[in-house]
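Encoded as structure tokens, the structure appears first; notes follow it.
The values are calculated or read from the model by the stated rules, or taken from the named source; none is laboratory data. These numbers come from a predicted model, not from an experiment. Backbone-built Cβ (ideal geometry, glycine too); neighbour counts: all protein chains shown. Side chains are part of the model used for accessible areas, which takes the heavy atoms of the whole protein and leaves out ligands, DNA and RNA. Shrake-Rupley method; radii C 1.70, N 1.55, O 1.52, S 1.80 Å.
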Amino acid sequence: MMHFAKIAAAAAALMLSACASVPVAPSAQDDFFANLSALCGQRFEGRVVTTDPADASFASSRLLMHVRDCSANEIRIPFWVGQDRSRTWVLTRTGAGLTLKHDHRDSQGKPDGLHWYGGDTSGQGTAQRQEFPVDDFSIELFNAWDASVSTTNVWAIEVLPGRIFAYELRRPAGRFFRVEFDVTRPVAE
């Protein structure tokens, strides 16, 4: 009996040590975050590539994004539309995946009424694309601000290394907005 207990303990120790030495493969979200982090510190000009007339003011403005304030768990990306510098996309790692939030500020730097809306990934996505369906907080916020049309939003970010960074907004009812930034041509500002 004592011999069996020693063998069982040795086998358990061997299995645990084998598990400890097996490296964990990075997930698609880890690879996505690494692709985005590789752009840190750089600014890029973009253009609206969709044709919805509602986006005419964006399409006729200079669009600039700056991948900055990068850490192991968060990346902040200010997005300027012409002289309007009120928007920042915030991507954060969570225990369940990735979160995208929209930090909107007024001209004094205080949170705008529609502030901190966004969503969480619902799957692994890919190393190049992550989708963020609207979260419960944002649905409540949109309803409170008479913006219920946004309660079905799905945002996406794509990072195609050496090619483009893209930001998208889709709604099942047909709304589609997409901006693409050429990451091969960083700009000073």
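State which residue is farthest from residue 185 (Cα to Cα) when the search covers only the stretch 54-79 and only residues that are assigned to a strand (DSSP E or B) and open to solvent by 40 Å² or more (accessible area, probe 1.4 Å). Here the residue is 74. Within the stretch 28-53, if we keep just the residues that are farther than 18 Å from residue 184 by Cα and without any contact (Cβ under 8 Å) to a residue 60 or more places away in the chain, the residue that is least open to solvent (accessible area, probe 1.4 Å) turns out to be 30. Just so you know, in the stretch 89-133 the residues that are among the hydrophobic types (A, V, I, L, M, F, W, C), open to solvent by 30 Å² or more (accessible area, probe 1.4 Å) and within 22 Å of residue 78 (Cβ to Cβ) include one that is modelled with the lowest pLDDT, and it is 114. Taking the stretch 102-141, which residues are among the charged types (D, E, K, R) and either touching a Lys or Arg at 6+ places or on another chain (Cβ under 7 Å) or not in a loop (DSSP other than H, G, I, E, B) (or both)? The answer is 103, 105, 112, 120, 129, 131, 136, 140. Just wondering, is there one or more residues in the stretch 153-167 that are open to solvent by 60 Å² or more (accessible area, probe 1.4 Å) and among the polar types (S, T, N, Q)? No, every residue in the stretch 153-167 fails to be open to solvent by 60 Å² or more (accessible area, probe 1.4 Å) and among the polar types (S, T, N, Q).
Listed conditions (1) at pLDDT 95 or above; (2) more than 25 Å from residue 121 (Cβ to Cβ); (3) within 24 Å of the chain's Cα centre (by Cα); (4) not charged (D, E, K, R) are all met by residue 60, apart from (3).
When the strands (runs of 3 or more DSSP E) confined to the stretch 142-189 are screened for residues that are free of Cβ contacts under 8 Å to residues at least 60 places away in the same chain, those reaching at least 3 such residues are found at 154-160, 164-170.
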